[in-house]
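One structure below.
Where a number appears in this text, it was derived from the coordinates with a stated rule and is not lab data. Computed from a prediction, not measured in an experiment: that's the story for all the values here. Using ideal geometry, Cβ is built from the backbone for each residue, glycine included, and neighbour counts are taken over all protein chains shown.
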Amino acid sequence: MHTVNLTINYASPTTTINNTTCDANLVGTNTTTFSNVNGCDSVVVTNTTLLPTAYGSVSVSGCDSALANGTWYYASTSFNDTLNNQATNGCDSIVTYTVSVSNLQLQQKISMPVIRQM
């Protein structure tokens, strides 16, 4: 008669984690396998999706100059300002500023009487 000791190790089920990020470099699916002391594997699958960036716009105008985002502008322009971690989801917000400066030069005629000396 022979005695056989048999140990059956059951693998743990796969665990899936859904994650979100503001960093486009971290988007995707990552599978990690862990082994315990009995040789059983546990598999963790992480699905990471990208949260949206918040966008906004501001338009300012003036005749000779315009103040936008704390700076005076003397010519028309547009620019973006990135506000780090300011969106409600914790991601960046991007504000597009449109500055319109008309640069109208007002001309004024001055009439002065001519005084003649004798």
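Cα centroid separation, segment 17-47 to segment 71-95: 35 Å.
Label zone (Ile94, point 7 Å along Cα-to-C-beta; backbone nitrogen cut-off 11 Å) within segment 43-65: 53-56.
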